[in-house]
Amino acid sequence: MKKTTVYDCTIIELDKHHHEKGNISIVENNATIPFNVQRTYYLYDVPGGESRGGHAHKELQQLIIAASGSFSVTINDGHIKRTFLLNRPYQGLLIVPGIWRELDDFSSGSVCLVLASHKYDEQDYIRSYEEFLKYKK
Ligand code: TYD
């Protein structure tokens, strides 16, 4: 997992069923995404100008969706950074393990929905950027 790069992370287009009464998008375990969802959480009411993330995971995979509004996700493998503007509820950014991420530019009222491959485990976090760079070597 240490050798992952930002190019292993990708935008996944979700099925979008359009109805006059509104739309629906679907994520299925091991079909839409390459893992089983064991945890779902969402960020909301993020104050303007605030950043989230600022860490990496050793094993966790995640799909990040702008369920409402927009925000930017910058991913970094220690060599290369890529920034994605997420602003469509039918697109998700797959983040593989071993990637530093920062989320910012949250629009007012935005909701960041995260589908995660494992339960919460603080031991899986790398919260120091220096430690992350050592880990990637
Ligand atoms: P963290 O993952 O650091 O936030 P973000 O990446 O969104 O900036 O989590 C923030 C706090 O919430 C941290 O103290 C741990 C807690 N938390 C849980 O208890 N369970 C969870 O599933 C998550 C994602 C966070």
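The values are calculated or read from the model by the stated rules, or taken from the named source; none is laboratory data. Just so we're clear, the structure is a prediction, and the values are computed from it rather than from any experiment. In this analysis, Cβ positions are derived from the backbone assuming ideal geometry, glycine residues included, and neighbour counts consider all displayed protein chains. Each accessible area value is taken on the protein alone, full model and side chains, heavy atoms only, with ligands, DNA and RNA left out. Shrake-Rupley method; radii C 1.70, N 1.55, O 1.52, S 1.80 Å.
Checking the structure you have, find out if any residue of segment 102-114 is touching an Asp or Glu at 6+ places or on another chain (Cβ under 7 Å), within 12 Å of the ligand (Cβ to nearest atom), touching a residue at least 60 places away in the same chain (Cβ under 8 Å) and open to solvent by 60 Å² or more (accessible area, probe 1.4 Å).
Restricting attention to segment 102-114, the residues satisfying the condition of being touching an Asp or Glu at 6+ places or on another chain (Cβ under 7 Å) are 106.
Subsequent filtering for residues that are within 12 Å of the ligand (Cβ to nearest atom) retains 106.
Next, only the ones that are touching a residue at least 60 places away in the same chain (Cβ under 8 Å) stay: 106.
Within this subset, residues satisfying the condition of being open to solvent by 60 Å² or more (accessible area, probe 1.4 Å) are none.
The answer is no; no qualifying residue exists.
Please work out if Thr5 is surrounded by 12 or more Cβ atoms within 10 Å (Cβ to Cβ) and of a type in the set (Val, Ile, Thr).
So Thr5 fits the description; yes.
Here is a list of conditions, (1) out of contact with any Ser or Thr (no Cβ under 6 Å at 6 or more places or on another chain); (2) farther than 25 Å from Glu130 by Cα, and Phe84 meets all of them except one; can you say which number that is?
(2)
Picking from Asn30, Asn23, which residue would you name as being in contact with a His (Cβ under 9 Å, 6 or more places away or on another chain), over 23 Å from Lys134 (Cβ atoms) and open to solvent by 70 Å² or more (accessible area, probe 1.4 Å)? Spell out the reasoning first.
Values: Asn30 fails: in contact with a His (Cβ under 9 Å, 6 or more places away or on another chain).
Selected residue: Asn23, the only one of Asn30, Asn23 that is in contact with a His (Cβ under 9 Å, 6 or more places away or on another chain), over 23 Å from Lys134 (Cβ atoms) and open to solvent by 70 Å² or more (accessible area, probe 1.4 Å).
Sort out for me the strands (runs of 3 or more DSSP E) sitting completely within segment 40-101 that have 2 or more residues that are of a type in the set (D, E, K, R) and either surrounded by 15 or more Cβ atoms within 10 Å (Cβ to Cβ) or modelled with pLDDT of 95 or more (or both). It would help to see each step written out before you state the result.
Values: elements: 52-57, 62-68, 71-76, 81-86, 91-95.
Hits in segment 40-101: 81-86.
Filter segment 115-130 for residues that are within 12 Å of the ligand (Cβ to nearest atom) and in a helix (DSSP H, G or I); which is most open to solvent (accessible area, probe 1.4 Å)?
In this case the residue turns out to be Glu122.
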